[in-house]
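One structure below.
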Amino acid sequence: MAQTALILGASGKIGRHFTAAFHAAGWQTRAYKRGTDMSTAAQGCDVIVNGMNPPNYHDWEGILPALTRDVITAAKASGATILFPGNVYVYGAQPGPWSEDTPHAPCSRKGEIRSQIEGMYRDAAAEGVQTILLRAGDFLAPEVGDSHVDMTYLRGFAKGEITTMGDPKIKRAHAWLPDMARAAVMLAEKRADLPAFTDIPLAGLTFSTEDLAREITRQAGKPLKIARMPWWLFTLAAPVWEMARELREMRYLYNTPHRLSGGRLSQILPDFTPTSFEQVIAEILAARSMTALAA
């Protein structure tokens, strides 16, 4: 009998990739309908994927803890394992590499909230609720307009520019969403062998804006000028634009060299093969080529 995953945020960028990966592995999936009873929706499910986030970081301190409590309650009622996509906010600006053993030292309000909800999942382990936390850096996806690629790096691509949010030489952690989703499914299938709470970083891809510009130029034959994000515009817009206020708080992360250790994932999933940097860029460029042809 096929296993079943309940996907929270199924229409979002995380949810869509996770849904596709579970289907590819032979699982059944259910899309959680926001506003319905989560415990009822989770009945008969083996895994609950918490891929739901408020848009534009809206009211994290109010929404995320309440959502986490609902997820934990649903897991208790159904016996399902929680699969939670984590991020790097909890580490603050301390030196890397960051691993499952790196202490939390958030230096932002959002980092403190993420650390709080991770603590809720840890505490729930003592009550018999299993959580697999798969941690990753900035998301990269092949779909146009659907990830960090478009929101930052390639926002000026048509003008021959690649945008850097900080020092273009700084190497930072990134996650190719198809790889993250594939690893998540493999971990879900090994859940019986994992402890009640497992923090697993996904090493993903570590590169700088300069590295990205060089690889795009090599593949596309299109030299790119590196342009700096005009942070002063965010300062001006902050009083009236929520996203500008929230991004300013995370500016430190674009000037903090960091990478995630892949040691624990390699131990648990020795057969997992990540997509190469070169192939990721090829897929990103191919998607943009197809979009241009369809325009």
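Below are the figures for this structure:
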{"item": "Helices (runs of 4 or more DSSP H) lying entirely in the stretch 157-249 (those with 1 or more residues that are surrounded by 19 or more Cβ atoms within 10 Å (Cβ to Cβ))", "result": "177-189, 209-220, 242-249"}
{"item": "Condition broken by Asp123, with the remaining ones in (1) part of a loop (DSSP other than H, G, I, E, B); (2) surrounded by fewer than 16 Cβ atoms within 10 Å (Cβ to Cβ) satisfied", "result": "(1)"}
{"item": "Failed item in (1) more than 19 Å from Val49 (Cα to Cα); (2) open to solvent by 10 Å² or more (accessible area, probe 1.4 Å); (3) not small (Gly, Ala, Ser), with Tyr91 passing the rest", "result": "(2)"}
{"item": "Residue match in the stretch 2-23 (condition: assigned to a loop (DSSP other than H, G, I, E, B) and farther than 30 Å from Leu205 by Cα)", "result": "yes"}
{"item": "Residue selected from the stretch 179-210 under the condition within 21 Å of the chain's Cα centre (by Cα) and among the acidic types (Asp, Glu), by the criterion nearest to Gly26 (Cα to Cα)", "result": "Glu189"}
{"item": "Conditions (1) under 15 Å from the mean Cα position of the chain (by Cα); (2) at pLDDT 95 or above; (3) acidic (Asp, Glu); number of the one not met by Glu127", "result": "(1)"}
{"item": "Check on Arg191, closer than 30 Å to Lys222 by Cα and modelled with pLDDT of 95 or more", "result": "no"}
{"item": "Sole exception among (1) touching a helix residue (DSSP H, G or I) at 6+ places or on another chain (Cβ under 8 Å); (2) of a type outside the set (Asp, Glu); (3) outside any helix (DSSP H, G or I) for Gln94, by number", "result": "(1)"}
{"item": "Residue among Thr68, Thr36, Thr19 that is at pLDDT 95 or above, over 25 Å from Ala125 (Cβ atoms) and open to solvent by less than 50 Å² (accessible area, probe 1.4 Å)", "result": "Thr19"}
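The values are calculated or read from the model by the stated rules, or taken from the named source; none is laboratory data. Nothing here was measured: the structure is a model prediction, and the numbers come from that model. For neighbour counting, all protein chains shown are included, and Cβ atoms are generated from backbone atoms with ideal geometry for every residue, glycine included. Protein only, heavy atoms only, side chains kept; ligands, DNA and RNA dropped before computing areas. Shrake-Rupley method; radii C 1.70, N 1.55, O 1.52, S 1.80 Å.
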